[in-house]
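A.B. asks: One structure, as C-alpha coordinates, below. Some questions next.
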Amino acid sequence: MPLCVRARMSIKFFQIVQLAYWRMGSITDDEVIRKRLLIDGDGAGDDRRINVLMKSFNKWCHSNFSPEEGFSQYQRMVTSLAQCEFSMGKTLLVYDMNLKEMENYEAIYADIEKSITSAHEKIAECKKEIQRAKRIRKNRQEYDALARVIKQHPDRHETLKQLEALDKELQQLSHIKENVEDKLELRKKQFHVLLTTIQELQQTLENDEKMESDDTQESPVENGD
Amino acid sequence: MGPVELLHMSVFSQSFSPCGRFLAAGNNYGEIAVFSLSAALSPDASEGSQKPILNFTAHDGPVFTLLSTDTHLLSAGNGEIRAWSWAELIKKVSPINSRNTSTQVLTSLEIPEINAMIINPKDNSLVVGGGDNNIHIMDMETGIFKSVLKGHTDYIHCLCFKEREGEILSGGEDGAVRIWDSRTNRPVHCIEVFRYEVKQIRMRMPQFGKWISCLATDSDWMLCGGGPSLSLWHLRSMSPTSVFPLPGCQREAVFHQDLIMSVGEGPYVSHCLHGGTVKAQIPCTPSSLNTLALNLKNTEHRVMTVGGSSHQIDVFTNFSYRAFSLSF
(Lines give C-alpha, C1' and ligand atoms only; values in the text may rest on other atoms or scores of the structure.)
Protein backbone atom coordinates (compact mmCIF):
# COMPACT_ATOMS: atom_id res chain seq x y z
CA MET A 1 0.00 0.00 0.00
CA PRO A 2 1.29 3.49 -0.70
CA LEU A 3 2.83 5.41 2.17
CA CYS A 4 0.00 7.96 2.56
CA VAL A 5 -2.67 5.27 2.95
CA ARG A 6 -0.58 3.45 5.54
CA ALA A 7 -0.04 6.70 7.39
CA ARG A 8 -3.70 7.54 7.42
CA MET A 9 -4.57 4.09 8.72
CA SER A 10 -2.08 4.43 11.54
CA ILE A 11 -3.50 7.83 12.43
CA LYS A 12 -6.96 6.30 12.56
CA PHE A 13 -5.75 3.48 14.82
CA PHE A 14 -4.19 6.05 17.10
CA GLN A 15 -7.42 8.04 17.23
CA ILE A 16 -9.38 4.91 18.10
CA VAL A 17 -6.96 4.03 20.90
CA GLN A 18 -7.20 7.60 22.20
CA LEU A 19 -10.98 7.40 22.16
CA ALA A 20 -10.86 4.07 24.00
CA TYR A 21 -8.72 5.55 26.76
CA TRP A 22 -11.02 8.52 26.99
CA ARG A 23 -13.96 6.23 27.14
CA MET A 24 -12.41 4.47 30.10
CA GLY A 25 -12.12 7.81 31.84
CA SER A 26 -15.72 9.12 31.48
CA ILE A 27 -18.67 6.79 31.20
CA THR A 28 -21.34 9.42 30.49
CA ASP A 29 -20.19 10.08 26.93
CA ASP A 30 -20.59 6.45 25.97
CA GLU A 31 -23.30 7.14 23.45
CA VAL A 32 -21.33 9.86 21.74
CA ILE A 33 -18.30 7.65 21.46
CA ARG A 34 -20.24 4.71 20.20
CA LYS A 35 -21.92 6.87 17.59
CA ARG A 36 -18.62 8.37 16.56
CA LEU A 37 -17.03 4.97 16.26
CA LEU A 38 -19.94 3.70 14.27
CA ILE A 39 -19.84 6.62 11.85
CA ASP A 40 -16.17 7.15 11.68
CA GLY A 41 -14.94 3.68 12.49
CA ASP A 42 -14.08 2.93 8.94
CA GLY A 43 -11.87 5.92 8.33
CA ALA A 44 -12.31 8.47 5.56
CA GLY A 45 -12.11 8.27 1.78
CA ASP A 46 -9.86 5.51 0.48
CA ASP A 47 -9.48 3.89 3.86
CA ARG A 48 -13.23 3.74 4.19
CA ARG A 49 -13.60 2.19 0.74
CA ILE A 50 -11.04 -0.50 1.48
CA ASN A 51 -12.57 -1.28 4.85
CA VAL A 52 -16.07 -1.38 3.40
CA LEU A 53 -14.82 -3.62 0.61
CA MET A 54 -13.19 -5.99 3.08
CA LYS A 55 -16.32 -6.11 5.22
CA SER A 56 -18.66 -6.60 2.30
CA PHE A 57 -16.36 -9.30 0.89
CA ASN A 58 -16.47 -11.11 4.20
CA LYS A 59 -20.24 -10.77 4.34
CA TRP A 60 -20.59 -11.92 0.75
CA CYS A 61 -18.46 -14.99 1.41
CA HIS A 62 -20.05 -16.03 4.68
CA SER A 63 -23.72 -15.18 4.23
CA ASN A 64 -26.32 -16.67 1.90
CA PHE A 65 -27.49 -14.31 -0.70
CA SER A 66 -29.93 -14.90 -3.53
CA PRO A 67 -28.07 -15.09 -6.83
CA GLU A 68 -29.28 -11.62 -7.99
CA GLU A 69 -28.44 -10.06 -4.65
CA GLY A 70 -25.16 -11.95 -4.64
CA PHE A 71 -24.44 -10.78 -8.16
CA SER A 72 -25.35 -7.18 -7.37
CA GLN A 73 -23.22 -7.39 -4.27
CA TYR A 74 -20.43 -8.76 -6.43
CA GLN A 75 -20.90 -5.91 -8.90
CA ARG A 76 -20.79 -3.43 -6.08
CA MET A 77 -17.57 -4.96 -4.83
CA VAL A 78 -16.00 -4.94 -8.26
CA THR A 79 -16.89 -1.28 -8.74
CA SER A 80 -15.52 -0.53 -5.32
CA LEU A 81 -12.32 -2.38 -6.25
CA ALA A 82 -12.16 -0.47 -9.52
CA GLN A 83 -12.53 2.79 -7.62
CA CYS A 84 -9.75 1.74 -5.28
CA GLU A 85 -7.48 0.88 -8.20
CA PHE A 86 -8.32 4.19 -9.86
CA SER A 87 -7.43 6.15 -6.77
CA MET A 88 -4.23 4.12 -6.38
CA GLY A 89 -3.33 4.87 -9.99
CA LYS A 90 -4.00 8.54 -9.36
CA THR A 91 -1.75 8.64 -6.30
CA LEU A 92 1.02 6.83 -8.20
CA LEU A 93 0.83 9.41 -10.98
CA VAL A 94 0.89 12.22 -8.45
CA TYR A 95 3.95 10.59 -6.88
CA ASP A 96 5.70 10.41 -10.26
CA MET A 97 4.77 14.01 -10.91
CA ASN A 98 6.24 15.06 -7.60
CA LEU A 99 9.47 13.25 -8.36
CA LYS A 100 9.72 14.99 -11.72
CA GLU A 101 8.99 18.36 -10.11
CA MET A 102 11.80 17.71 -7.65
CA GLU A 103 14.20 17.01 -10.49
CA ASN A 104 13.08 20.14 -12.26
CA TYR A 105 13.63 22.21 -9.18
CA GLU A 106 17.06 20.68 -8.66
CA ALA A 107 17.99 21.62 -12.20
CA ILE A 108 16.78 25.19 -11.72
CA TYR A 109 18.67 25.38 -8.42
CA ALA A 110 21.89 24.23 -10.11
CA ASP A 111 21.36 26.83 -12.86
CA ILE A 112 20.87 29.58 -10.35
CA GLU A 113 23.97 28.51 -8.45
CA LYS A 114 25.99 28.69 -11.64
CA SER A 115 24.68 32.12 -12.52
CA ILE A 116 25.44 33.33 -8.99
CA THR A 117 29.04 32.22 -9.26
CA SER A 118 29.41 33.75 -12.70
CA ALA A 119 27.89 36.99 -11.40
CA HIS A 120 30.42 36.95 -8.55
CA GLU A 121 33.24 36.52 -11.02
CA LYS A 122 31.90 39.33 -13.17
CA ILE A 123 31.71 41.57 -10.14
CA ALA A 124 35.34 40.81 -9.28
CA GLU A 125 36.35 41.56 -12.87
CA CYS A 126 34.46 44.83 -12.83
CA LYS A 127 36.10 45.81 -9.57
CA LYS A 128 39.50 45.24 -11.12
CA GLU A 129 38.44 47.30 -14.12
CA ILE A 130 37.38 50.10 -11.82
CA GLN A 131 40.75 50.09 -10.11
CA ARG A 132 42.52 50.23 -13.44
CA ALA A 133 40.26 53.00 -14.67
CA LYS A 134 40.85 54.99 -11.48
CA ARG A 135 44.59 54.69 -11.92
CA ILE A 136 44.31 55.77 -15.53
CA ARG A 137 42.18 58.74 -14.56
CA LYS A 138 44.63 59.76 -11.89
CA ASN A 139 47.51 59.57 -14.35
CA ARG A 140 45.59 61.61 -16.89
CA GLN A 141 44.76 64.25 -14.33
CA GLU A 142 48.38 64.51 -13.24
CA TYR A 143 49.46 64.72 -16.86
CA ASP A 144 46.95 67.51 -17.49
CA ALA A 145 48.08 69.43 -14.45
CA LEU A 146 51.72 69.21 -15.47
CA ALA A 147 50.88 70.08 -19.06
CA ARG A 148 49.17 73.23 -17.88
CA VAL A 149 52.23 74.26 -15.96
CA ILE A 150 54.51 73.47 -18.88
CA LYS A 151 52.35 75.45 -21.28
CA GLN A 152 52.98 78.53 -19.25
CA HIS A 153 56.64 78.35 -20.12
CA PRO A 154 57.67 79.60 -23.62
CA ASP A 155 57.98 77.17 -26.48
CA ARG A 156 61.26 75.31 -26.81
CA HIS A 157 61.65 75.89 -30.56
CA GLU A 158 61.32 79.60 -30.16
CA THR A 159 63.89 79.76 -27.46
CA LEU A 160 66.18 77.57 -29.53
CA LYS A 161 65.80 79.87 -32.49
CA GLN A 162 66.47 82.86 -30.30
CA LEU A 163 69.50 81.12 -28.97
CA GLU A 164 70.73 80.38 -32.49
CA ALA A 165 70.25 83.97 -33.58
CA LEU A 166 72.10 85.16 -30.54
CA ASP A 167 74.88 82.69 -31.25
CA LYS A 168 75.24 83.95 -34.78
CA GLU A 169 75.32 87.52 -33.60
CA LEU A 170 77.91 86.59 -31.06
CA GLN A 171 80.05 84.94 -33.73
CA GLN A 172 79.79 87.89 -36.04
CA LEU A 173 80.73 90.28 -33.34
CA SER A 174 83.71 88.22 -32.31
CA HIS A 175 84.78 88.03 -35.94
CA ILE A 176 84.63 91.78 -36.21
CA LYS A 177 86.53 92.09 -32.99
CA GLU A 178 89.26 89.86 -34.35
CA ASN A 179 89.50 91.88 -37.51
CA VAL A 180 89.76 95.10 -35.60
CA GLU A 181 92.41 93.67 -33.36
CA ASP A 182 94.41 92.47 -36.33
CA LYS A 183 94.23 95.89 -37.90
CA LEU A 184 95.33 97.43 -34.65
CA GLU A 185 98.31 95.12 -34.48
CA LEU A 186 99.27 95.88 -38.04
CA ARG A 187 99.05 99.61 -37.50
CA LYS A 188 101.04 99.29 -34.32
CA LYS A 189 103.74 97.41 -36.13
CA GLN A 190 103.81 99.89 -38.99
CA PHE A 191 104.06 102.79 -36.62
CA HIS A 192 106.75 100.96 -34.74
CA VAL A 193 108.70 100.49 -37.99
CA LEU A 194 108.17 104.12 -38.91
CA LEU A 195 109.32 105.34 -35.55
CA THR A 196 112.39 103.15 -35.51
CA THR A 197 113.41 104.28 -38.99
CA ILE A 198 112.89 107.88 -37.95
CA GLN A 199 114.99 107.32 -34.91
CA GLU A 200 117.73 105.66 -36.93
CA LEU A 201 117.66 108.50 -39.40
CA GLN A 202 117.93 110.94 -36.55
CA GLN A 203 120.85 108.96 -35.18
CA THR A 204 122.61 108.89 -38.51
CA LEU A 205 121.98 112.60 -39.01
CA GLU A 206 123.34 113.32 -35.56
CA ASN A 207 126.31 111.08 -36.26
CA ASP A 208 126.89 112.84 -39.52
CA GLU A 209 126.72 116.25 -37.85
CA LYS A 210 129.11 115.11 -35.21
CA MET A 211 131.53 113.74 -37.76
CA GLU A 212 131.35 117.01 -39.71
CA SER A 213 132.07 119.10 -36.62
CA ASP A 214 134.93 116.74 -35.73
CA ASP A 215 136.33 117.11 -39.21
CA THR A 216 136.35 120.97 -39.10
CA GLN A 217 137.97 120.91 -35.67
CA GLU A 218 140.74 118.60 -36.83
CA SER A 219 141.59 120.55 -40.07
CA PRO A 220 142.48 123.89 -38.34
CA VAL A 221 144.73 121.91 -36.02
CA GLU A 222 146.38 120.38 -39.11
CA ASN A 223 146.63 123.87 -40.82
CA GLY A 224 148.23 125.41 -37.74
CA ASP A 225 151.15 123.09 -38.04
CA MET B 1 29.69 63.89 30.75
CA GLY B 2 26.85 66.37 30.82
CA PRO B 3 25.00 67.70 27.80
CA VAL B 4 26.85 71.02 27.92
CA GLU B 5 30.20 69.27 27.77
CA LEU B 6 29.02 67.11 24.92
CA LEU B 7 27.89 70.21 23.06
CA HIS B 8 31.30 71.83 23.37
CA MET B 9 33.34 68.77 22.55
CA SER B 10 35.65 68.81 19.54
CA VAL B 11 37.43 65.79 18.17
CA PHE B 12 40.96 66.76 17.21
CA SER B 13 42.64 63.54 16.25
CA GLN B 14 42.02 59.95 15.27
CA SER B 15 44.06 56.83 14.79
CA PHE B 16 43.29 53.26 13.79
CA SER B 17 44.74 50.29 15.61
CA PRO B 18 47.44 48.22 13.85
CA CYS B 19 44.95 45.40 13.24
CA GLY B 20 42.47 47.88 11.82
CA ARG B 21 39.56 46.83 14.02
CA PHE B 22 39.60 49.65 16.52
CA LEU B 23 39.53 53.43 16.32
CA ALA B 24 40.97 55.76 18.92
CA ALA B 25 39.85 59.36 18.97
CA GLY B 26 41.08 62.26 21.08
CA ASN B 27 39.06 65.29 22.02
CA ASN B 28 39.59 68.70 23.51
CA TYR B 29 38.97 67.54 27.07
CA GLY B 30 42.02 65.30 26.99
CA GLU B 31 40.08 62.08 26.72
CA ILE B 32 40.77 59.24 24.36
CA ALA B 33 37.91 56.96 23.41
CA VAL B 34 38.45 53.58 21.81
CA PHE B 35 35.68 52.34 19.52
CA SER B 36 35.30 48.81 18.19
CA LEU B 37 34.81 48.96 14.44
CA SER B 38 34.03 45.28 14.10
CA ALA B 39 31.13 45.64 16.49
CA ALA B 40 29.85 48.80 14.86
CA LEU B 41 30.09 47.40 11.33
CA SER B 42 28.67 43.96 12.07
CA PRO B 43 25.16 43.22 10.76
CA ASP B 44 23.70 43.09 14.25
CA ALA B 45 25.08 46.40 15.45
CA SER B 46 23.00 48.31 17.94
CA GLU B 47 23.03 51.70 19.66
CA GLY B 48 25.48 50.42 22.21
CA SER B 49 28.05 49.38 19.63
CA GLN B 50 28.36 53.00 18.52
CA LYS B 51 29.61 54.01 21.94
CA PRO B 52 33.24 53.67 22.93
CA ILE B 53 34.38 50.43 24.50
CA LEU B 54 36.87 52.39 26.58
CA ASN B 55 37.08 56.06 27.46
CA PHE B 56 39.93 57.36 29.58
CA THR B 57 41.56 60.66 30.35
CA ALA B 58 44.96 60.78 28.73
CA HIS B 59 46.11 64.35 29.16
CA ASP B 60 45.27 67.46 31.10
CA GLY B 61 44.83 69.49 27.98
CA PRO B 62 43.41 68.62 24.58
CA VAL B 63 44.79 65.69 22.64
CA PHE B 64 46.01 67.28 19.44
CA THR B 65 47.51 64.32 17.73
CA LEU B 66 47.33 60.52 17.86
CA LEU B 67 49.64 58.08 16.16
CA SER B 68 49.67 54.29 16.02
CA THR B 69 52.78 52.21 15.83
CA ASP B 70 52.70 48.43 15.58
CA THR B 71 52.13 47.96 19.28
CA HIS B 72 51.44 51.31 20.84
CA LEU B 73 49.19 54.31 20.58
CA LEU B 74 51.04 57.59 20.99
CA SER B 75 49.13 60.63 22.08
CA ALA B 76 50.35 64.18 22.44
CA GLY B 77 48.80 67.33 23.68
CA ASN B 78 50.31 70.09 25.74
CA GLY B 79 53.92 69.09 25.69
CA GLU B 80 53.87 65.49 26.79
CA ILE B 81 53.94 62.46 24.58
CA ARG B 82 52.36 59.43 26.16
CA ALA B 83 52.43 55.88 24.88
CA TRP B 84 49.61 53.43 25.54
CA SER B 85 49.71 49.75 24.70
CA TRP B 86 47.10 48.69 22.14
CA ALA B 87 46.84 45.27 23.71
CA GLU B 88 45.70 46.84 26.95
CA LEU B 89 43.34 49.21 25.21
CA ILE B 90 41.68 46.40 23.30
CA LYS B 91 41.12 44.48 26.51
CA LYS B 92 39.18 47.48 27.78
CA VAL B 93 41.57 47.92 30.64
CA SER B 94 42.12 51.49 31.65
CA PRO B 95 45.79 51.66 30.80
CA ILE B 96 48.73 53.13 32.62
CA ASN B 97 50.98 54.83 30.19
CA SER B 98 54.07 52.84 29.50
CA ARG B 99 56.26 55.72 28.54
CA ASN B 100 55.97 59.36 29.20
CA THR B 101 58.37 61.72 27.47
CA SER B 102 58.39 65.39 26.85
CA THR B 103 60.26 67.39 24.29
CA GLN B 104 63.38 69.16 25.34
CA VAL B 105 62.53 72.67 26.19
CA LEU B 106 64.77 75.64 25.92
CA THR B 107 63.18 77.40 28.81
CA SER B 108 61.44 75.48 31.50
CA LEU B 109 58.73 78.07 31.73
CA GLU B 110 56.59 76.78 28.93
CA ILE B 111 56.16 73.32 27.56
CA PRO B 112 55.03 73.84 23.98
CA GLU B 113 52.00 72.07 22.63
CA ILE B 114 52.60 69.32 20.12
CA ASN B 115 50.56 69.64 16.97
CA ALA B 116 51.81 66.85 14.79
CA MET B 117 53.65 63.56 15.06
CA ILE B 118 54.75 61.19 12.34
CA ILE B 119 56.93 58.13 12.21
CA ASN B 120 59.94 57.84 9.96
CA PRO B 121 59.95 54.13 9.22
CA LYS B 122 63.42 54.17 7.70
CA ASP B 123 65.25 54.69 10.94
CA ASN B 124 62.37 54.07 13.33
CA SER B 125 62.22 57.55 14.70
CA LEU B 126 59.40 59.78 15.79
CA VAL B 127 59.22 63.25 14.28
CA VAL B 128 57.41 65.78 16.42
CA GLY B 129 56.47 69.34 15.59
CA GLY B 130 54.84 71.85 17.83
CA GLY B 131 54.68 75.22 19.36
CA ASP B 132 58.36 75.98 19.70
CA ASN B 133 58.85 76.42 15.93
CA ASN B 134 61.17 73.42 15.77
CA ILE B 135 60.93 69.85 14.67
CA HIS B 136 62.30 67.33 17.12
CA ILE B 137 63.35 63.85 16.10
CA MET B 138 63.29 61.16 18.73
CA ASP B 139 64.56 57.63 18.47
CA MET B 140 61.72 55.26 19.24
CA GLU B 141 63.72 52.57 20.95
CA THR B 142 65.79 54.62 23.29
CA GLY B 143 63.50 57.59 23.73
CA ILE B 144 66.33 60.06 23.31
CA PHE B 145 65.88 63.14 21.19
CA LYS B 146 68.38 62.85 18.37
CA SER B 147 68.13 66.15 16.57
CA VAL B 148 66.28 69.39 16.10
CA LEU B 149 65.36 70.94 12.77
CA LYS B 150 65.21 74.68 13.05
CA GLY B 151 63.95 76.96 10.38
CA HIS B 152 60.36 77.86 10.86
CA THR B 153 59.60 81.24 12.26
CA ASP B 154 56.28 80.33 13.77
CA TYR B 155 54.71 77.23 15.21
CA ILE B 156 54.32 74.08 13.19
CA HIS B 157 50.89 72.75 12.30
CA CYS B 158 51.50 69.62 10.33
CA LEU B 159 54.12 67.11 9.29
CA CYS B 160 54.36 64.69 6.46
CA PHE B 161 56.88 62.13 5.26
CA LYS B 162 57.98 61.26 1.73
CA GLU B 163 58.90 57.59 1.74
CA ARG B 164 60.84 57.40 -1.47
CA GLU B 165 63.32 60.17 -0.88
CA GLY B 166 63.20 60.08 2.90
CA GLU B 167 62.22 63.70 3.25
CA ILE B 168 60.17 65.37 5.93
CA LEU B 169 57.74 68.11 4.98
CA SER B 170 56.51 70.56 7.55
CA GLY B 171 53.92 73.29 7.33
CA GLY B 172 53.49 76.03 9.82
CA GLU B 173 51.83 79.21 10.88
CA ASP B 174 54.41 81.27 9.03
CA GLY B 175 52.96 80.09 5.73
CA ALA B 176 56.05 78.21 4.63
CA VAL B 177 56.32 74.56 3.71
CA ARG B 178 59.84 73.38 4.43
CA ILE B 179 61.34 70.18 3.10
CA TRP B 180 64.07 68.56 5.16
CA ASP B 181 66.29 65.63 4.34
CA SER B 182 65.87 63.09 7.11
CA ARG B 183 69.35 61.63 6.89
CA THR B 184 71.37 64.80 6.98
CA ASN B 185 68.77 66.86 8.87
CA ARG B 186 69.29 69.82 6.62
CA PRO B 187 66.64 71.91 4.93
CA VAL B 188 66.30 71.20 1.25
CA HIS B 189 63.58 73.59 0.14
CA CYS B 190 61.32 76.25 1.45
CA ILE B 191 58.11 77.15 -0.34
CA GLU B 192 56.12 80.16 0.72
CA VAL B 193 52.78 79.00 -0.48
CA PHE B 194 50.90 82.24 -0.21
CA ARG B 195 53.08 83.96 -2.77
CA TYR B 196 52.04 81.79 -5.68
CA GLU B 197 49.13 81.87 -8.03
CA VAL B 198 47.91 79.39 -10.60
CA LYS B 199 46.19 80.57 -13.77
CA GLN B 200 45.60 83.94 -12.21
CA ILE B 201 43.79 82.34 -9.28
CA ARG B 202 45.63 83.58 -6.25
CA MET B 203 46.08 80.99 -3.61
CA ARG B 204 46.26 83.50 -0.84
CA MET B 205 42.99 84.29 0.86
CA PRO B 206 43.90 87.35 2.86
CA GLN B 207 40.95 87.11 5.20
CA PHE B 208 42.24 83.78 6.47
CA GLY B 209 45.94 84.39 6.71
CA LYS B 210 48.88 82.45 5.40
CA TRP B 211 49.08 79.51 7.78
CA ILE B 212 49.40 75.99 6.43
CA SER B 213 47.42 73.46 8.36
CA CYS B 214 47.38 70.37 6.22
CA LEU B 215 49.96 68.54 4.20
CA ALA B 216 49.79 65.32 2.26
CA THR B 217 52.14 63.76 -0.24
CA ASP B 218 51.87 61.12 -2.88
CA SER B 219 55.49 60.62 -4.05
CA ASP B 220 55.85 63.44 -6.58
CA TRP B 221 52.81 65.45 -5.62
CA MET B 222 51.97 67.47 -2.55
CA LEU B 223 48.76 68.91 -1.23
CA CYS B 224 48.82 71.85 1.08
CA GLY B 225 46.08 74.00 2.45
CA GLY B 226 45.07 76.11 5.36
CA GLY B 227 44.73 79.85 5.10
CA PRO B 228 45.58 79.79 1.39
CA SER B 229 43.30 77.63 -0.69
CA LEU B 230 44.02 73.94 -0.99
CA SER B 231 46.49 73.47 -3.79
CA LEU B 232 48.26 70.62 -5.54
CA TRP B 233 51.99 70.99 -6.12
CA HIS B 234 54.41 69.07 -8.26
CA LEU B 235 57.44 68.64 -6.09
CA ARG B 236 60.07 67.93 -8.70
CA SER B 237 59.50 71.27 -10.37
CA MET B 238 58.32 73.02 -7.18
CA SER B 239 55.41 74.51 -9.03
CA PRO B 240 51.73 74.62 -8.13
CA THR B 241 49.55 72.87 -10.68
CA SER B 242 46.00 73.34 -9.44
CA VAL B 243 44.05 75.30 -6.90
CA PHE B 244 40.82 73.87 -5.51
CA PRO B 245 37.96 76.35 -5.23
CA LEU B 246 36.75 75.24 -1.82
CA PRO B 247 35.12 77.75 0.49
CA GLY B 248 36.66 77.82 3.93
CA CYS B 249 39.99 76.62 5.21
CA GLN B 250 40.90 72.99 4.82
CA ARG B 251 42.26 71.27 7.90
CA GLU B 252 43.15 67.85 6.59
CA ALA B 253 43.53 66.33 3.14
CA VAL B 254 44.52 62.91 1.85
CA PHE B 255 45.23 61.26 -1.45
CA HIS B 256 43.10 58.17 -2.11
CA GLN B 257 43.30 56.27 -5.41
CA ASP B 258 42.36 58.86 -8.00
CA LEU B 259 40.69 61.32 -5.66
CA ILE B 260 41.69 63.93 -3.17
CA MET B 261 39.55 64.06 -0.06
CA SER B 262 39.67 67.02 2.23
CA VAL B 263 37.86 68.29 5.29
CA GLY B 264 37.77 71.67 6.86
CA GLU B 265 35.33 74.42 7.61
CA GLY B 266 31.87 73.44 6.53
CA PRO B 267 29.91 70.31 7.36
CA TYR B 268 31.06 68.25 4.40
CA VAL B 269 33.83 66.11 3.03
CA SER B 270 35.01 67.35 -0.35
CA HIS B 271 36.05 64.95 -3.08
CA CYS B 272 38.26 66.60 -5.67
CA LEU B 273 40.08 65.54 -8.78
CA HIS B 274 43.73 66.29 -9.48
CA GLY B 275 42.72 68.68 -12.21
CA GLY B 276 41.27 71.16 -9.76
CA THR B 277 37.59 70.34 -9.99
CA VAL B 278 35.52 69.59 -6.94
CA LYS B 279 33.66 66.42 -7.74
CA ALA B 280 31.40 66.06 -4.72
CA GLN B 281 30.70 67.40 -1.28
CA ILE B 282 29.33 64.81 1.09
CA PRO B 283 27.44 66.25 4.07
CA CYS B 284 28.14 65.10 7.62
CA THR B 285 26.98 65.86 11.12
CA PRO B 286 29.70 68.05 12.70
CA SER B 287 29.48 71.66 11.63
CA SER B 288 33.15 71.85 10.85
CA LEU B 289 35.64 69.03 10.56
CA ASN B 290 39.11 68.71 12.02
CA THR B 291 40.30 65.28 11.15
CA LEU B 292 39.86 62.62 8.53
CA ALA B 293 41.22 59.10 8.70
CA LEU B 294 41.12 56.21 6.26
CA ASN B 295 41.39 52.65 7.47
CA LEU B 296 43.29 50.98 4.67
CA LYS B 297 45.08 48.38 6.78
CA ASN B 298 42.10 46.11 7.08
CA THR B 299 40.08 45.17 4.00
CA GLU B 300 37.00 44.14 5.93
CA HIS B 301 36.67 47.36 7.82
CA ARG B 302 37.68 49.73 5.08
CA VAL B 303 36.04 52.91 6.26
CA MET B 304 36.68 56.62 6.41
CA THR B 305 35.98 58.42 9.65
CA VAL B 306 35.76 62.14 10.16
CA GLY B 307 35.54 64.13 13.35
CA GLY B 308 35.23 67.76 14.16
CA SER B 309 33.38 70.19 16.35
CA SER B 310 30.84 67.73 17.61
CA HIS B 311 30.87 64.73 19.92
CA GLN B 312 29.99 62.50 17.02
CA ILE B 313 32.39 60.85 14.62
CA ASP B 314 30.92 60.03 11.23
CA VAL B 315 31.75 56.72 9.63
CA PHE B 316 31.62 56.25 5.86
CA THR B 317 31.62 52.66 4.58
CA ASN B 318 31.06 53.69 1.00
CA PHE B 319 32.94 56.94 0.65
CA SER B 320 30.03 58.60 -1.06
CA TYR B 321 27.64 58.79 1.83
CA ARG B 322 27.59 58.79 5.58
CA ALA B 323 26.68 55.41 7.05
CA PHE B 324 26.38 56.08 10.77
CA SER B 325 27.98 58.00 13.59
CA LEU B 326 29.94 56.92 16.61
CA SER B 327 29.55 59.13 19.61
CA PHE B 328 31.68 59.81 22.63
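A.B. asks: Tell me whether the stretch B:9-17 contains one or more residues that are over 25 Å from B:CYS158 (Cβ atoms) and touching a Ser or Thr at 6+ places or on another chain (Cβ under 8 Å).
C.D. replies: The answer is no; no qualifying residue exists.
A.B. asks: If a residue has to be more than 12 Å from chain A (Cβ to nearest Cβ) and out of contact with any Cys (no Cβ under 9 Å at 6 or more places or on another chain) to count, how many in the stretch B:229-248 make the cut?
C.D. replies: Summing the residues that are more than 12 Å from chain A (Cβ to nearest Cβ) and out of contact with any Cys (no Cβ under 9 Å at 6 or more places or on another chain) in the stretch B:229-248 gives 3.
A.B. asks: Please determine whether any residue of the stretch A:78-89 is touching a helix residue (DSSP H, G or I) at 6+ places or on another chain (Cβ under 7 Å) and modelled with pLDDT under 85.
C.D. replies: no
A.B. asks: Here is a list of conditions, (1) in contact (Cβ under 8 Å) with a residue 12 or more places away in the chain; (2) within 14 Å of chain A (Cβ to nearest Cβ), and B:THR299 meets all of them except one; can you say which number that is?
C.D. replies: So the condition that B:THR299 fails would be (1).
A.B. asks: If A:THR204 meets every condition in (1) loosely packed, with under 10 Cβ neighbours inside 10 Å; (2) over 30 Å from B:SER231 (Cβ atoms) apart from one, which number is that one?
C.D. replies: (1)
A.B. asks: Still on this model: Restricting to the stretch B:186-207, and then to whatever is under 23 Å from the mean Cα position of the chain (by Cα) and closer than 19 Å to B:SER147 by Cα, can you tell me which residue is farthest from the other protein chains (Cβ to nearest Cβ)?
C.D. replies: B:PRO187
A.B. asks: Shifting gears a bit: Kindly indicate the residue of the stretch A:128-182 that is part of a helix (DSSP H, G or I), over 18 Å from B:CYS272 (Cβ atoms) and acidic (Asp, Glu) and also farthest from the other protein chains (Cβ to nearest Cβ) among those meeting that condition.
C.D. replies: A:ASP182
A.B. asks: Of the residues that sit in the stretch B:261-282 and are within 13 Å of chain A (Cβ to nearest Cβ) and either basic (Lys, Arg) or buried (at least 23 other Cβ atoms within 10 Å of the Cβ) (or both), which one is nearest to B:TRP221 (Cα to Cα)?
C.D. replies: Residue satisfying both the conditions and the ranking: B:HIS274.
A.B. asks: Failed condition for B:SER237, given (1) under 19 Å from the mean Cα position of the chain (by Cα); (2) over 20 Å from B:THR65 (Cα atoms); (3) not aromatic (Phe, Trp, Tyr), with all others met?
C.D. replies: Every listed condition holds for B:SER237 apart from (1).
The values are calculated or read from the model by the stated rules, or taken from the named source; none is laboratory data. This one's a predicted model, so the numbers in the text were calculated from it and none came from an experiment. We place every Cβ from the backbone using ideal geometry, glycine too, and count neighbours over all the protein chains shown.
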